[in-house]
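Report on the following structure.
Every read-out reported here was derived from the displayed coordinates using simple, explicitly stated rules and does not represent laboratory data. These figures come from a predicted structure and were not determined experimentally. With ideal geometry, Cβ positions are generated from the backbone for all residues, glycine too; neighbour counts draw on all protein chains shown.
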Amino acid sequence: MACLTGHDRFVGFEAVEPATALSLWRESLRSLILKQPALYVKILETTI
């Protein structure tokens, strides 16, 4: 969420089954979104 809002954020979690976590810098996410705008839509759909 910090990549979208620009606010500092720390999140901790514990998975109940095998999972993969992803950490991105804001500029990396922006570059991905510029190349694949549909990614932004998917992020919004899953975070709202």
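Dipole of the stretch 2-47, Cα-centred, from +1 at each Lys and Arg C-beta and -1 at each Asp and Glu C-beta, to the nearest 20 debye? Don't skip to the end; give the middle numbers.
Values: 5 positive and 5 negative charges, 56 e Å.
Computed about the Cα centre, the dipole is about 260 debye.
Identify, among TYR40, THR20, HIS7, the residue whose Cα sits farthest towards the positive end of the charge dipole of the chain, taking +1 on the Cβ of Lys and Arg and -1 on the Cβ of Asp and Glu, with the dipole about the Cα centre.
Value: TYR40.
Between LYS42 and GLU27, what is the label-point separation in nm under the 7 Å Cα-to-beta-carbon projection?
2.5 nm
Output the Kirkwood hydrodynamic radius of the stretch 2-47, Cα pairs only, in Å rounded to one decimal. Present the calculation step by step, with values, prior to reporting the outcome.
Numbers: mean 1/r = 0.0817 Å⁻¹.
With all distinct Cα pairs of the stretch 2-47 included, I get 12.2 Å.
If you rank THR20, THR47 by fewest surrounding Cβ atoms within 10 Å, what's the result? The partial results should precede the final answer.
Working: THR20 5, THR47 8.
Fewest to most other Cβ atoms nearby, the residues stand as THR20, THR47.
When the helix-only estimate is applied to the chain (DSSP H runs of n ≥ 4, each -39,500 (n - 2.57), divided by the residue count), what is the mean residue ellipticity at 222 nm, nearest 500 deg cm²/dmol? Walk me through the numbers on the way to the answer.
Working: 3 runs with 25 residues, N = 48.
Rounded to the nearest 500, the figure is -14000 deg cm²/dmol.
Quick one: helix 26-35 against the long Cα principal axis of the chain, what's the angle to the nearest 10°, folded into 0 to 90?
Once rounded, the angle reads 60 degrees.
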